[in-house]
Amino acid sequence: MRPRKLLFTAFVMAVTLLAAACGNSTTTTTTTAETGPLTIWLMNGSAPQSVVDGVNADFKAKHPNVTVNVEIQQWSDVTTKLDTAFAGTTPPDIMELGNTLVAKYAASGALQDITAKKSAYENSGTWLQSLTDSCTLSGKLYCVPYYAGSRAIIYRTDMFANAGITKPPTSMDELMTDGQTLMAKYGSDPNFSALYFPGKYWYAAAPFVWDFGGDIATQSGSKWTGALNSSQAQQGLTEVNNLVSKLSRADKTGDELKQDQAFAQGHIAMIIANGWEVGVITDPKSGDPTLQAKLGAFPIPSHNAGQTAPVFLGGSDLGIAAHSKSPALAQEWLQLLAGTKYQSQMVTVGGVIPNTTTLASLSSGLPAVFAKAATNSRFTPNSPNWANVESANVLQDMLVSIFTGKSSIPTATSSASDQITQILNS
Amino acid sequence: MSRRTFARTLYDGVGIVVFIVMMFPIYWMVSTAFKPGREILALTPVWIPLRPTLDNFRTAMNVPYFWNDVVNSVVVVLTVVALSIVLAFLAAVSVARFGFRGRTPFIVMIIVVQMVPLNALVIPIYLLLDQVGQVDSLLGVIAYYLAFVLPFMIWTLRGFIANVPVDLEEAAMVDGASRVVAFMRIVFPLVAPGLVATGIFGFIQAWNEFIIAYVLLSSSSKQTLTIWLTSFTTQHGTDWGGLMAGATLTALPVVILFLLVQRHIVGGLTAGAVKG
Amino acid sequence: MEAAIRAEARTTTVATDIEPAPRHRRVPRINLLPYALIAPAVLVLAGVLGYPLGMLGWLSTQHYGLRELFQHQGEFVGLQNFVTLVGDPEFRHVLQISLVFTAVNVGLSMLFAMLIALLLERVSSAIRILLSSGLVFVWATPVIPAINLWQWMFDYEFGVVNWLLTRFGAGNYIHHNWFENPFQGFIVVTVIVVWGAIPFLALMLYAGLTQVPRELVEAAEIDGARPWQVFTLITVPILRPLFVILFSLSTIWDFQVFNQVWVLLSQRPSKDYFLISVYSFQESFRVSQYGLGSAAAVVMVAILAAVSVFYIRQTVRLTTEDAR
């Protein structure tokens, strides 16, 4: 009996001691010159190596004695890694965060408030509004916009030509008729979809909701209310449901992760996709390079002819850790990566949308379509609890139940709205 | 006698069928590793690669820091296996051969410890290592892998040692050998196969562990192969060819190791298994 | 005849410990040797796991979100987390699913492993090496890519399993989503778990089978016993300690299944797929409620401990017989 009790007492003592030690740790802000080292976490695949090398070289020229460690992190389970890193005493000085994650970490005190330093960043006056919004919480700025991605419709120019469609649709109604023409021509192939739309693809359905004037949630004061059950939102969802049921043979309960590879197999006419997906479709390893000459893109049309629907602006931001020991050095490094020189390279080499509207014209060819679409963009509700809505799969589950016919649109939207209200206000 | 041969042939047939069923996913993994992308994503399955290629392996091994990852994994696993065999063996001898106060709590502890889900301990483990400055260090990872494999290894080795009758040691001691010498000369060779078997178990556990390595190791130069395997899935989708090539490469060392020692294992497992 | 066989079998498991002859050397009253031998292991285990285990218990009594994590300051709520869990019908549902899932997986794993072990006994040595090497290959394959592989094989469009099933006339499985219906989805999860569990269990059981004395089996066969009787009357009793170990380990491992669900469903399982470990992880790392997540983990350990009480008592008794 006694050894067990002894062991237990030891545990309790250890816990109390360490908990006390933990509670007493304070952030050390040093007034002496910062010597680094500077640790930066970038996500796998975000920045081309040449950009990172360039930034490091320019930084080294100014600070030859500071060691800079750029560490590439994987997307899988990244929030687990971020949670532990911020909880410990040695978080990285700079980290790249998906723009929908920022609010959560900013609200819990993980990121530094850089409102006062905003003007130090080149182009901060012309930063993309949605990305800037994703960095802003309660009027304070917590990160720097890094790069963006937006969605438009990628299509097979040859299939359009063969079906007698001479130009891309400029309204939702035209999209539907063009799609039906395509289904008439190619639909006998059981794998063919005029518009391949996996059921969980929330980011592709959002433009329809927004275009009709609906929204995911609205904020008054500090209280959020789910708004998907509004008549406008429901109208948008009805439109999408119509398109999906008539034009898509994709998995109504699946997600969009392999739509590019499916597209490359040659049985699909249109997909709603990000700009970088062109590269995946034509990738010699997993896609079909011969499609390069047969691809075109057009923005998601609005239900009002001639206009485009607002799209979700995806992308990443760069934040400085609240407990960083080298905030001044971190800022300088960030200024380089977020500045004109390297943002231009992000466009030309990386093929993404830069953080400032002034560089949007650098995109050419297909990427230019996406850059243009990005000018009419919206963001998800900027609440620290938004990440929890995403984690709870509320939107995806709602869409799936609508597309599979399990729930009617009014029922599904009202249930989703209630859930969103509850989660955002918790 | 011919009835026996018939039965054996029948069993051999069933054995081959079982082999095919169990190994089919492995076959699919290895063949995918050799297929070019278009064949991997074909809507009609391609059974045998029409245009086999080593590209996937090349891409997988050209990932930056791949060889660092290999070295790190090897260092971690070999250290863990070596230390755990020694520690587990000593503890197993103690539990198998001696009665002492604290024996029951010890046994209960090593059983209960295995019941705690690893994911729930990730944050506390990180915080502890952070306090002692061992985050982003292979030493911290080694310490934890050691703690995870020890309970099972102690338990299994205990069974092997307990299965060796004490009188064998006694006989050697009557002949004049000291306790330790008797033990080493008699018991150790009989238990060695069991050590090999539990060593392989520890090897596999440490070689394929993910979440602890992922959370603790951030420097690109310190990461292990399991983290390397996740690099094939980005927000742009999954590189199936690369992933399968990577998985094949990762599984290979263990299979080779097993083939080298399999003769010893079967003998070893039999010695300890029955008594429990 | 049956009684005779059982009697024979029983004698084989009797411990062969005999009281040693009294030694003439002076032996210290308290023998420090056993403590010295377990000291390194205890040091590692206590040093490395002591704090985390303690903190796990402590966290389960805290309200601990992301902010609390970063400020290292929680809010003590006593047993509130546990009350919340027990009162939550969703958690109770999760618990039910987990228990059923575990039972099914342990049962199927042990069944197939036993059959394969019996098979290994009866095949020629070339096939035996082939089959056991195959089993080890399965055992050695890193788990997460293996699950991705299975995910790919059951894919809606590209899945080879879908194609095969359609080809062999089991129905039209092209464009079939296996995860729309949780029951079907869990079948896929079970296939993956059992497939991964078989190698270790089968190899251990096979090793145990080779330990069954041939003389006993032959004697029984001469007496006219049929294979089934040999199995139940001789093999099973002799292998009982091994069965107990393997069943318990299987139960612990299968109750803790996480990756197979998490990775299979692309890290976004719907609530129908929540096993208790998934629930705990989701609460901790997705919704950032570490207190609740830890409480769920503690419940997990408690249930496993309760279920294994019989096993623990048995093994303690077994080992006490062995030692002096």
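The values are calculated or read from the model by the stated rules, or taken from the named source; none is laboratory data. Source: prediction; values computed, not measured. Cβ sites come from the backbone with ideal geometry, for glycine too, and all protein chains shown count toward neighbours.
Within segment B:69-80, can one find any residue that is part of a helix (DSSP H, G or I), facing chain C (nearest Cβ under 10 Å) and crowded, with 23+ Cβ neighbours inside 10 Å? Please lay out each step first, then the result.
So the first thing to find is which residues in segment B:69-80 are part of a helix (DSSP H, G or I), and the list is B:69-80.
Subsequent filtering for residues that are facing chain C (nearest Cβ under 10 Å) retains none.
Among the residues of segment B:69-80, not one is part of a helix (DSSP H, G or I), facing chain C (nearest Cβ under 10 Å) and crowded, with 23+ Cβ neighbours inside 10 Å, which makes the answer no.
Exactly one of (1) free of Cβ contacts under 8 Å to residues at least 60 places away in the same chain; (2) out of contact with any Lys or Arg (no Cβ under 8 Å at 6 or more places or on another chain) is unmet by A:Ala360. Its number?
Condition not satisfied by A:Ala360: (2).
Restricting to segment B:128-157, what's the tally of residues that are within 26 Å of the chain's Cα centre (by Cα) and more than 7 Å from every other protein chain (Cβ to nearest Cβ)?
Residues that pass the stated criteria total 18.
Check B:Thr226, B:Thr248, B:Thr198 and return the single one that is in contact with a Ser or Thr (Cβ under 8 Å, 6 or more places away or on another chain), within 11 Å of chain C (Cβ to nearest Cβ) and part of a helix (DSSP H, G or I). Walk me through it before giving the result.
Details: B:Thr248 fails: in contact with a Ser or Thr (Cβ under 8 Å, 6 or more places away or on another chain); B:Thr198 fails: within 11 Å of chain C (Cβ to nearest Cβ).
Only one candidate qualifies: B:Thr226.
Which of (1) surrounded by fewer than 18 Cβ atoms within 10 Å (Cβ to Cβ); (2) more than 11 Å from chain B (Cβ to nearest Cβ) is the odd one out, the single condition A:Met270 does not satisfy?
With respect to (1) surrounded by fewer than 18 Cβ atoms within 10 Å (Cβ to Cβ); (2) more than 11 Å from chain B (Cβ to nearest Cβ), A:Met270 is out only on (1).
Right, C:Thr166: of a type in the set (Val, Ile, Thr) and either touching a Phe, Trp or Tyr at 6+ places or on another chain (Cβ under 7 Å) or closer than 20 Å to A:Lys258 by Cβ (or both) or not?
Details: of a type in the set (Val, Ile, Thr): yes; either touching a Phe, Trp or Tyr at 6+ places or on another chain (Cβ under 7 Å) or closer than 20 Å to A:Lys258 by Cβ (or both): yes.
It is true that C:Thr166 is of a type in the set (Val, Ile, Thr) and either touching a Phe, Trp or Tyr at 6+ places or on another chain (Cβ under 7 Å) or closer than 20 Å to A:Lys258 by Cβ (or both).
What residue, among those in segment C:272-292 that are at the interface with chain A (Cβ under 10 Å from one of its Cβ atoms) and assigned to a loop (DSSP other than H, G, I, E, B), is surrounded by the fewest Cβ atoms within 10 Å (Cβ to Cβ)?
C:Val287
Cβ contacts < 7 Å: first residue closer than 21 Å to C:Pro213 by Cα, restricted to segment C:238-250; second residue of a type in the set (Lys, Arg), any location; separation 6+ or different chain. Result?
C:Pro241/B:Lys275
Let's see how each residue does on (1) within 30 Å of A:Val52 (Cβ to Cβ); (2) in a helix (DSSP H, G or I):
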site: A:Ile272; (1), (2): no, no
site: A:Gly279; (1), (2): yes, yes
site: A:Asp283; (1), (2): yes, no
site: A:Gly287; (1), (2): yes, no
site: A:His323; (1), (2): yes, no
site: A:Leu329; (1), (2): yes, yes
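Okay, residues lined up against (1) more than 18 Å from the chain's Cα centre (by Cα); (2) within 26 Å of A:Glu277 (Cα to Cα); (3) outside the structural domain of A:Ala269 (by TED's automatic domain parsing):
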site: A:Glu122; (1), (2), (3): yes, no, yes
site: A:Trp127; (1), (2), (3): no, yes, yes
site: A:Leu131; (1), (2), (3): no, yes, yes
site: A:Thr136; (1), (2), (3): no, no, yes
site: A:Lys140; (1), (2), (3): yes, no, yes
site: A:Tyr155; (1), (2), (3): yes, yes, no
site: A:Asp158; (1), (2), (3): yes, yes, no
site: A:Asn162; (1), (2), (3): yes, yes, no
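Mind counting the residues in segment C:161-180 that are crowded, with 21+ Cβ neighbours inside 10 Å and β-branched (Val, Ile, Thr)?
Summing the residues that are crowded, with 21+ Cβ neighbours inside 10 Å and β-branched (Val, Ile, Thr) in segment C:161-180 gives 1.
Would you confirm whether or not segment C:199-217 contains a residue that is more than 10 Å from chain B (Cβ to nearest Cβ), of a type outside the set (Val, Ile, Thr), in contact with a helix residue (DSSP H, G or I) (Cβ under 8 Å, 6 or more places away or on another chain) and buried (at least 16 other Cβ atoms within 10 Å of the Cβ)?
Scanning segment C:199-217 turns up at least one residue that is more than 10 Å from chain B (Cβ to nearest Cβ), of a type outside the set (Val, Ile, Thr), in contact with a helix residue (DSSP H, G or I) (Cβ under 8 Å, 6 or more places away or on another chain) and buried (at least 16 other Cβ atoms within 10 Å of the Cβ).
So that you can scan it fast, the table gives a plain yes or no per residue for (1) of a type in the set (S, T, N, Q); (2) within 30 Å of A:Ala387 (Cα to Cα); (3) free of Cβ contacts under 8 Å to residues at least 12 places away in the same chain:
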| position | (1), (2), (3) |
| --- | --- |
| A:Thr126 | yes, yes, no |
| A:Gly149 | no, yes, no |
| A:Met159 | no, no, no |
| A:Ile165 | no, no, no |
| A:Pro168 | no, no, no |
| A:Gln180 | yes, no, no |
| A:Lys185 | no, no, no |
| A:Phe192 | no, no, no |
| A:Trp202 | no, yes, no |
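Residues that are in contact with a strand residue (DSSP E or B) (Cβ under 6 Å, 6 or more places away or on another chain), at least 3 per element: which helices (runs of 4 or more DSSP H) completely within segment A:155-239 meet that?
Working: elements: A:157-162, A:172-186, A:202-211.
So the answer is A:172-186, A:202-211.
What number of residues within segment A:60-74 satisfy the criterion of being within 14 Å of another protein chain (Cβ to nearest Cβ), assigned to a loop (DSSP other than H, G, I, E, B) and modelled with pLDDT of 90 or more?
Going through segment A:60-74, the residues within 14 Å of another protein chain (Cβ to nearest Cβ) turn out to be A:67-74.
Pick out the ones that are also assigned to a loop (DSSP other than H, G, I, E, B) and you get A:67, A:74.
Among the residues that remain, those that are also modelled with pLDDT of 90 or more are: A:67.
Residues meeting the conditions: 1.
Only helices (runs of 4 or more DSSP H) wholly contained in segment B:96-169 count here; list those with 1 or more residues that are in the same structural domain as B:Val76 (by TED's automatic domain parsing), without any contact (Cβ under 8 Å) to a residue 40 or more places away in the chain and among the acidic types (Asp, Glu). So that I can check it myself, show each step before the final result.
On the way: elements: B:103-113, B:118-131, B:138-162.
Result: B:118-131.
May I ask you to verify whether A:Ala305 is in contact (Cβ under 8 Å) with a residue 60 or more places away in the chain, part of a strand (DSSP E or B) and under 22 Å from A:Lys167 (Cβ atoms)?
Considered against the rule, which asks whether it is in contact (Cβ under 8 Å) with a residue 60 or more places away in the chain, part of a strand (DSSP E or B) and under 22 Å from A:Lys167 (Cβ atoms), A:Ala305 comes out as no.
If the requirement is being more than 7 Å from chain B (Cβ to nearest Cβ), surrounded by fewer than 22 Cβ atoms within 10 Å (Cβ to Cβ), within 22 Å of the chain's Cα centre (by Cα) and of a type in the set (Gly, Ala, Ser), which of these qualifies: C:Gly185, C:Gly134?
None of the others qualify; the one that does is C:Gly185.
Can you tell me which residues in segment A:246-266 are within 19 Å of A:Ala309 (Cβ to Cβ) and over 22 Å from the mean Cα position of the chain (by Cα)?
Those that are within 19 Å of A:Ala309 (Cβ to Cβ) and over 22 Å from the mean Cα position of the chain (by Cα): A:Lys246, A:Leu247, A:Ser248.
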